[in-house]
Amino acid sequence: MTDIIQHLKEEENDFYSDDDLFKISSWGADLSFRELIARYDDNELVKPELQRKYVWDRTEASRFIDSLLLGLPVPSIFLAKASDERMLIIDGYQRIMTVYDFVRGIYSGDGKVFKLSRSEKINSRWRGKAFAELGDAEQRRIRNTTIHAIIFVQDQPSDTDTSLYQVFERINTSGRTLMPQEIRNCVYQGVLNDLLIELNKTDDWRSLFGGNEDARMRDMEFILRFYALDPSETGAIDKERISLKKHLNQFMKRNSTAPNGQLEEFRARFLGAMRLIHETWGKSAFHNVSPTDPNRLVRKFSPTIFDSISIAAAVALHQGLGLAPGDAESNRRRLLHDPDYRTAISKETMTKDSITRRTSLAIEYLFGAGHEE
């Protein structure tokens, strides 16, 4: 995982700022849990898919309900108003779902009847009780309790970027720091995100990436990278060094409502490239050679080897190119030993020159053709 970790460190340091980035409005609203539950049931209040599983244990959840019954204040939640008028839950999912589960009677943590903990931390008046076992006044108290919501909306939408990514990245307070693709999964919901989730489960890709689906969505980010670093995308950028984080954000937003025809092209391009690569080079297709022993492969996924070889395969399929003469694995080893290629996959990897160079060399060594711009 060393190469993946290094890639993630580079992205963590990949800060970008635009003049329009924070042109957003925010306001406060006191929403009752009755209204939040109704909005959630009507799909107007959305937990971004795969954003965060319910993680509170029964005692934590019970203490929150206990606080509501006692009339204690609770922390604010953060919501983002999407273009379709729905609200994205940026921060506060555990609190909202705790009340939602308690009212409906099923605890998300284990799927069993939600009764308050019998812990001494819970007031004895409702210790061990389900919502249906509370008095009418207590039930109304829970439903009618208001929680302060801070709501964000972007004032000046752009075709290429959104400030909501930055809002989510900086304001989300739910325990661990979210990885970039986890935030994209929350902010850029749409057909492309659904496609990434689908493709991430496919057999050829799972074998090439290695292991089970990554809980932090790093594998999904690499699929996104396959599309976003295609020459047709990077060629239009007017800066020599690409901010990977910004570029991936822009690509996801731009294609979140892509038409079916484009989605089918995306799907076929990735599946075709992964099938060709898996059948030709097998599980080690994206592994580098050892820096100390050039005859030995390092059994670790390399992001830059992945993007160059996978994009090269997609270009070859599109142009009708066959494999280069000779043994396919020997050609791949020759590519890995090429000094220019080694520089392009390890130094200043997000410059346009490095991206173009490593892809061109992959096409040359593996498919016997120069890269056509």
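A simple charge model with +1 on the Cβ of Lys and Arg, -1 on the Cβ of Asp and Glu and nothing else charged puts the dipole of segment 164-266 at about 600 debye relative to its Cα centre. Only alpha carbons enter this Debye calculation for segment 24-155, each as an equal point scatterer, and the log10 of I(q)/I(0) it gives at q = 0.14, 0.16, 0.19 Å⁻¹ is -0.62, -0.79, -1.08. Each Lys and Arg Cβ is given +1 and each Asp and Glu Cβ -1; about its Cα centre, segment 24-155 then shows a dipole of about 620 debye. Please give me, ordered by residue number, the GluC sites (Glu not before Pro) of segment 225-273 that lie in loop per DSSP and have at most 16 other Cβ atoms within 10 Å. Within segment 225-273, the qualifying GluC sites (Glu not before Pro) (loop, at most 16 other Cβ atoms within 10 Å) are 240.
Dipole orientation for segment 24-155: of the candidates 82, 45, 116, 116 has the Cα lying most toward the positive pole (charges on Cβ; Lys, Arg +1; Asp, Glu -1).
Quick check: the angle from helix 352-367's long axis to the longest principal axis of the chain, C-alpha only, nearest 10 degrees? For helix 352-367, the angle is close to 60 degrees.
Candidates 244, 62, 73 compared by Cα position along the dipole of the chain: farthest toward the positive end lies 62, with charges placed on Cβ. Highest mean packing comes first when the peptides 316-329, 247-260, 32-45 are listed by Cβ atoms within 10 Å, giving 247-260, 32-45, 316-329.
Measuring against 21 Å, Cα to Cα, the residue pairs 300/352; 245/352; 201/347 contain 300/352; 201/347 as the ones spanning a longer distance.
Computed from Cα positions, the angle between helix 260-281 and the longest principal axis of the chain comes to roughly 60 degrees.
First check a/c for segment 214-255, with a ≥ b ≥ c the square roots of the eigenvalues of its C-alpha gyration tensor; if it is under 1.5, answer rounded, and if not, answer prolate when a/b is larger than b/c or oblate otherwise. Prolate, because a/c is 1.5 or more and a/b exceeds b/c.
Any idea what angle helix 2-12 forms with the longest principal axis of the chain, computed on alpha-carbon atoms, 0 to 90 degrees, nearest 10? Computed tilt is about 60 degrees. Residues whose amide H lies under 5 Å from that of residue 117, counting only those 5 or more places away or on a different chain, are 62, 128; hydrogens are built 1.01 Å from N in the peptide plane.
As a rough footprinting exposure proxy, the listed residues 164, 263 were ranked by other beta carbons within 10 Å of their own, and the order from fewest upward is 263, 164. Per-residue 3J(HN,Hα) values for segment 332-349, derived from phi via the Karplus relation 6.51 cos²θ - 1.76 cosθ + 1.60 with θ = phi - 60°, read 5, 5, 4, 4, 5, 8, 5, x, 5, 5, 4, 5, 5, 9, 10, 10, 6, 5 Hz in sequence order (x marks Gly and Pro). The ranking of 347, 121 from fewest to most other beta carbons within 10 Å of each one's beta carbon is 347, 121.
In the chain, Cα pairs under 8 Å separated by at least six residues give a relative contact order of 17 percent. This model, with +1 at the C-beta of Lys and Arg and -1 at the C-beta of Asp and Glu, gives the chain a dipole about its Cα centre of some 1580 debye. Please state the shape class of segment 183-275: rounded when a/c is under 1.5, otherwise prolate if a/b exceeds b/c and oblate if not, all from the C-alpha gyration tensor. Rounded is the answer for segment 183-275, as its axis ratio a/c remains below 1.5. Using just the C-alpha positions of the chain as equal point scatterers, what log10 of I(q)/I(0) does the Debye formula give at each q in 0.06, 0.10 1/Å? Once normalised to I(0) and log-transformed, intensities are -0.30, -0.72. For residue 121, the lysines whose Cα comes closer than 22 Å to its Cα, not counting residues fewer than 8 places off in the same chain, are 112, 129.
Values in this text are rule-based calculations from the coordinates and carry no lab data. Please read these numbers as outputs of a predicted model, since none were measured by experiment. Don't worry about glycine lacking a Cβ; one is built from the backbone with ideal geometry, like all the others, and counts go over all protein chains shown.
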